[in-house]
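Every number here is computed from the coordinates shown, using simple stated rules; none is lab data. Not measured: the values here are computed from a predicted model. Cβ placement follows ideal geometry from the backbone for every residue including glycine, while neighbour counts extend to all protein chains displayed.
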Amino acid sequence: MVFEALPRTPTAEELIDKAFSRAARTGRAQHGTEAQLSMLQTACNILSDNLQHVAATWPDFDEIHPFYRELAGTVVDVDELRTSLGDVSWAGRKCGEFHGEYRDRIRRADPERARNHRKQAFARLADVVRSVDEDLAVVADAREKLRTFPEIHPEDPAIVVAGYPNVGKSSFVRAVTRAKAPVASYPFTTTGVLVGHVEQRHITYQIIDTPGLLDRPAADRNEIEQQALSAITHAADCVLFLVDASEECGYPLAAQLSLRDELEKTFAPIPVLTVCNKADRSRDVEADHYMSVAADENVEVVLTAAVDAIDYEPELPFEGE
């Protein structure tokens, strides 16, 4: 996942303490002007490298997959994050510039003046780093939020399971993946996202259940949920829309089909297959497939239909001459 490897973001005081402590140890190994030069170089390098590393390890939001870009916008202010990353990068460059500016002053000075120049450089370094302390906090907060995103890979084929609550979506995901995958809570859903994996024809397919996003009309979704739904559309290759014709789920069949029609427009041109679950109780609906997860009826048939609808062809590795 594009955000999971982001390194921890230090605070301004942590960076200053690290740089100045290491500089002091370096200076003790030398004497006079050389000690001041060594301390200056060590502090400038540590601050410059660490600050620029914070900014450089983040992906370019204009270059990453739209799925990740849309998903990031559900929990962080991307424009604010970009501004903070730019400020941190600037601070790193500024700390690097101080080395050239004060190195020449120290070289031309006697030991006492050299020490004063180095102390002045340290004061300015500390001011620059502290000026981006709030920016570092913004970056750190964004990192913590984005690292908790579900393990969904938009490059791999994905089957999204949709439908009103209690129609059997999560039961289907668990049935076809044969795994007791945990349901993890994320900021844009009411209960969580369930992601399972199943191998068909030597290809691994992601099966995604998104309660809180695809189980109610657009008018009932807030802005964050709408953006999260936009992200899911970038990952989906097929949608299985489950309906309960018996209406034991607690929702009228007409409302269920209305939501199905809405999602067909949202996900177009991605195929949306209508699946009547609980078919052992009622088949009173026109559907592409009829199944019963509880009775283990046609579950694999529905999965195969979704795989056929995707018609995914993996990229073959290039063979050189």
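Which Cα, out of Leu71, Pro111, Val88, lies furthest along the positive dipole direction of the range 1-132 (beta carbon charges, K/R +1, D/E -1)? The listed residue farthest towards the positive side: Pro111.
A helix-only calculation puts the chain at -17000 deg cm²/dmol for mean residue ellipticity at 222 nm, using -39500 (n - 2.57) for each DSSP H run of at least four residues, averaged over all residues.
With neighbours defined as other Cβ atoms within 10 Å of a residue's Cβ, the residues Lys278, Lys18, Lys119, Lys265 order from fewest to most as Lys265, Lys119, Lys18, Lys278. With the cut-off at 1.5 for a/c, could you classify the range 158-310 from its C-alpha gyration tensor as rounded, prolate or oblate? Verdict is rounded for the range 158-310.
Taking the average, over residues, of other Cβ atoms within 10 Å as the packing measure, peptides 64-73, 217-226 rank 64-73, 217-226 from highest down. Ordering Thr26, Thr83 from the fewest to the most neighbouring beta carbons within 10 Å gives Thr83, Thr26. For the range 229-305 versus the range 52-100, the spacing of their alpha-carbon centroids is 41 Å. Within the shell defined by Cβ-Cβ distances under 14 Å, the residues around Lys94 carry a net charge of -3, with Lys and Arg each +1 and Asp and Glu each -1. Can you work out the PRE-style zone for Arg124? Point 7 Å along Cα to Cβ, and I want the residues of the range 80-111 with backbone N under 13 Å. 94-106, by backbone N distance to the label point. Given the choices [x] 11; [y] 38; [z] 17, percent of Cα pairs over 38 Å apart derived from the coordinates of this structure is entry [y].
Exposure proxy ranking for Tyr251, Tyr102, based on other Cβ atoms within 10 angstrom of each Cβ and starting from the fewest, stands as Tyr251, Tyr102.
Between Asp156 and Asp296, the simple label model (points 7 Å from Cα in the Cβ direction) yields a spacing of 2.6 nm.
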